[in-house]
Amino acid sequence: MTSTFQPTLPQARPAATPLHAEDRPGAPWWRSAVIYQIYPRSWADSDGDGVGDLPGITARLPHLRDLGVDAVWLSPFYTSPQADAGYDVADYRDVDRLFGTLADADTLIARAHELGIRVVVDLVPNHSSDEHEWFKAALAAGPGSPERARYIFRDGKSAHGELPPNNWDSVFGGPAWTRVTEADGSPGQWYLHLFDAKQPDFDWQHPEVRAEFESVLRFWLDRGVDGFRVDVAHGLIKKDGLPDWHDRTTMLGGHEEHDHSEHTPEPTHAAPYWDQDAVHEVYRAWRAILDGYGTPDRILCAEAWVEPQERAVRYVRSDEMHQAFNFDFLLTPWDARALSDTIARSLRASDSVGAPTTWVLSNHDVVRHATRLGLAPTGERVRGIGAGDPQPDRELGLRRARAATSLMLALPGSAYLYQGEELGLPDSTDMPDEFRQDPTFRRTAGVEIGRDGCRVPMPWAKDAPGFGFGPGPLTWLPQPEVYGSYAVDQQLGVPGSTLELYRALLAVRRTLSLGAGSLTLVEGFGEDVVALSNEGAGRDRVLVLANLGESVVELPEGAEVLVSSSPLEGRAVPTDTTVWARW
């Protein structure tokens, strides 16, 4: 028999703790926006070459209009040799022929605007491709030249310079330095690359680098984009002298990206290549450029893996960026107390600088939450799943993912969705290694599986070749057979499907302005429940109740259900279920 937990004082309002005040009337669009990430090579292929492209995206934009999102974020589509799937940019002002043309980009932006969808594009300022004209000029010009000063070139250590300038590792594994061969054939200087060797880091102390990226911002703003997601936003400035660092290089610095234990990790800025104070000068200059374009606001969103949160929110002060991904929320385990604490701490931190919190559960760099939440907890961040690894419980993962998204979309602030999560897509966890393209897999000799599993092309139609990804059967990564059952045409209009759940959540969120509401932590539902009240002027309060425990939980008397992530048992909320209800 399933036990039932009833809240204390069912006839009265339970005790409550205010967490966040309602946003001001007429607040800018980005403070409560829901933005959908498209990974261009994996969303829709128009020409049958197996790689998604800009015309394919344009053709599928009505899907996003009907889903109910406010904007789309496009991962890089710039000219690139694709050593890191476009995050190695050779020309920031052109479109790679793999994805289309500048005219195709203009068409996409115009069509999105016709449908009421804003367009945010990726910007990769920490590094370029080694095929960028500047880097090729730096190699040709030699040591001490102005061309090399735009990047971080240094002489090696030891008598003949055969050792790298310091001991830094790459985020992708292996050393963060590569030695060049000079024009005369002799072994030469070393250049820094915090990621792949084909991604040399710019020297952001150089005024020409700063001027170039300010020009790039204007180029795309003039073409009509509505903002930029800034890649590795915390990494542009390196500490003077490039001192050695004693820990493995991760996106957070000297510790793993997890840790909701009692241990307090070192702050991210302790690592000499992350979160250095001078980086904020860059973003203040960028904000001034964007503000110069008037209203509606153009925005900057930071990918800044920074701890503690008190430093992370420095990126969203009023004269810097508009949004910064809340990775602490993404990494929080499926535990009611941990989630409640993260939500409260996040809102307190962002409120301290007057910024919205930007919630996220999945993206192109992490295991999808429909897979992540189906794994047995280990306390470690999962960095990809291969065929030989413990496999997730797909049914459990989807149930929890639906509940997690339902909790996230009820929170005030902005939120980002990753393509395919509205279908409940899992990672591809049985992909043969010979298909893997993530440089992490190569640079770690397979020790880390990498990110290919979350980047598999979208399924649109179950019975079409390539599940409707393109006009033919080709896909740049293999799609697991199970993806057919998740295809759009298998869920559209089907009551209870994940796609219809997302559409319902987004419709209610917009109608009731939940993204601009106040938030209160409601007590009395038990230690395995996250209970919140989202309130706004002129509307009923909304109870958000996420049951993470094994016992069902009774809704309070008078609560009117608006949306539920899983079917209810009468008025009882079953395990791993989130409910929105008027009360």
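The values are calculated or read from the model by the stated rules, or taken from the named source; none is laboratory data. Just so we're clear, the structure is a prediction, and the values are computed from it rather than from any experiment. So basically every Cβ, Gly included, is an ideal-geometry build from the backbone, and we count neighbours across all protein chains shown. These area figures cover heavy atoms from the full protein model, side chains too; ligands, DNA and RNA do not enter into them. Shrake-Rupley method; radii C 1.70, N 1.55, O 1.52, S 1.80 Å.
Within region 510-521, does at least one residue satisfy the condition of being of a type outside the set (Val, Ile, Thr) and surrounded by fewer than 17 Cβ atoms within 10 Å (Cβ to Cβ)?
The answer is yes, given that some residue of region 510-521 is of a type outside the set (Val, Ile, Thr) and surrounded by fewer than 17 Cβ atoms within 10 Å (Cβ to Cβ).
Identify the single condition in (1) at pLDDT below 95; (2) over 26 Å from Thr249 (Cα atoms) that Arg118 does not satisfy, given that it satisfies every other one.
(1)
Every residue in region 282-317 that is open to solvent by 60 Å² or more (accessible area, probe 1.4 Å), closer than 21 Å to Lys238 by Cα and modelled with pLDDT of 95 or more, please.
Correct list: Arg284 only.
Checking the structure you have, find out if any residue of region 421-441 is in contact with a strand residue (DSSP E or B) (Cβ under 9 Å, 6 or more places away or on another chain), farther than 25 Å from Arg510 by Cβ and either of a type in the set (A, V, I, L, M, F, W, C) or surrounded by 22 or more Cβ atoms within 10 Å (Cβ to Cβ) (or both).
no
Suppose the filter is within 23 Å of Asp66 (Cα to Cα), assigned to a loop (DSSP other than H, G, I, E, B) and either open to solvent by less than 10 Å² (accessible area, probe 1.4 Å) or touching a residue at least 60 places away in the same chain (Cβ under 8 Å) (or both); does Gly549 pass it?
no
Of the numbered conditions (1) closer than 26 Å to Ser46 by Cα; (2) open to solvent by 20 Å² or more (accessible area, probe 1.4 Å), Gln491 satisfies every one except a single condition; which is it?
(2)
For region 523-531, indicate whether the set of residues that are touching an Asp or Glu at 6+ places or on another chain (Cβ under 8 Å), small (Gly, Ala, Ser) and farther than 14 Å from Met408 by Cα is non-empty.
No, there is no match, as no residue in region 523-531 is touching an Asp or Glu at 6+ places or on another chain (Cβ under 8 Å), small (Gly, Ala, Ser) and farther than 14 Å from Met408 by Cα.
Can you tell me how many residues within region 214-229 are open to solvent by less than 10 Å² (accessible area, probe 1.4 Å) and in contact with a helix residue (DSSP H, G or I) (Cβ under 8 Å, 6 or more places away or on another chain)?
5
Might you check whether a residue that is open to solvent by 70 Å² or more (accessible area, probe 1.4 Å) and closer than 21 Å to Arg442 by Cβ occurs anywhere in region 148-166?
Checking region 148-166: not a single residue is open to solvent by 70 Å² or more (accessible area, probe 1.4 Å) and closer than 21 Å to Arg442 by Cβ.
Does region 196-211 hold any residues that are in contact (Cβ under 8 Å) with a residue 24 or more places away in the chain and open to solvent by 10 Å² or more (accessible area, probe 1.4 Å), and which are they?
Ala197, Lys198, Asp203, Gln205, His206, Glu208, Arg210 - these are the residues of region 196-211 that are in contact (Cβ under 8 Å) with a residue 24 or more places away in the chain and open to solvent by 10 Å² or more (accessible area, probe 1.4 Å).
Working only within region 12-40, note down all residues that are assigned to a loop (DSSP other than H, G, I, E, B) and surrounded by 14 or more Cβ atoms within 10 Å (Cβ to Cβ).
Result: Pro14, Glu22, Asp23, Ala27, Pro28, Ser32, Ala33, Tyr39.
Quickly run through region 167-186 and pick out the residues that are out of contact with any Ser or Thr (no Cβ under 7 Å at 6 or more places or on another chain), of a type outside the set (S, T, N, Q), touching a residue at least 12 places away in the same chain (Cβ under 8 Å) and open to solvent by 30 Å² or more (accessible area, probe 1.4 Å).
Answer for region 167-186, where residues must be out of contact with any Ser or Thr (no Cβ under 7 Å at 6 or more places or on another chain), of a type outside the set (S, T, N, Q), touching a residue at least 12 places away in the same chain (Cβ under 8 Å) and open to solvent by 30 Å² or more (accessible area, probe 1.4 Å): Gly174, Arg179, Ala183.
So, in region 41-55, exactly how many residues are closer than 21 Å to Tyr502 by Cβ and either outside any loop (DSSP other than H, G, I, E, B) or polar (S, T, N, Q) (or both)?
Residues meeting the conditions: 1.
Search region 109-144 for residues being more than 31 Å from the chain's Cα centre (by Cα) and surrounded by fewer than 14 Cβ atoms within 10 Å (Cβ to Cβ), and hand back the single one that is farthest from Ala85 (Cα to Cα).
Gly144
Are any residues in region 344-376 in a loop (DSSP other than H, G, I, E, B) and closer than 26 Å to Val522 by Cβ, and if so, which ones?
Once the filter is applied, which keeps residues that are in a loop (DSSP other than H, G, I, E, B) and closer than 26 Å to Val522 by Cβ, region 344-376 yields Ser352, Gly354, Ala355, Pro356, Thr357, Leu361, Leu373.
Which numbered condition in (1) open to solvent by less than 20 Å² (accessible area, probe 1.4 Å); (2) assigned to a strand (DSSP E or B); (3) not polar (S, T, N, Q) is the only one that Phe525 fails?
All conditions are met except number (2).
Just give me the residues in region 392-415 being surrounded by fewer than 20 Cβ atoms within 10 Å (Cβ to Cβ) and within 20 Å of His364 (Cα to Cα), in sequence order.
Arg394
So if I check each of Glu481, Glu535, which one is under 30 Å from Pro55 (Cα atoms) and either at pLDDT below 95 or among the acidic types (Asp, Glu) (or both)?
Glu481 is the lone residue from the list that is under 30 Å from Pro55 (Cα atoms) and either at pLDDT below 95 or among the acidic types (Asp, Glu) (or both).
Give me a count of the residues in region 458-483 that are in a helix (DSSP H, G or I) and open to solvent by 20 Å² or more (accessible area, probe 1.4 Å).
Qualifying residue count, region 458-483: 4.
Working only within region 306-333, note down all residues that are in a loop (DSSP other than H, G, I, E, B) and more than 22 Å from Val34 (Cβ to Cβ).
If the condition is that a residue be in a loop (DSSP other than H, G, I, E, B) and more than 22 Å from Val34 (Cβ to Cβ), then Val306, Glu307, Pro308, Arg317, Ser318, Asp319, Glu320, Pro333 are the ones that fit.
Run Thr575 past the list (1) open to solvent by less than 40 Å² (accessible area, probe 1.4 Å); (2) assigned to a loop (DSSP other than H, G, I, E, B) and report the number of the one that doesn't hold.
Checking Thr575 against (1) open to solvent by less than 40 Å² (accessible area, probe 1.4 Å); (2) assigned to a loop (DSSP other than H, G, I, E, B), the one that fails is (1).
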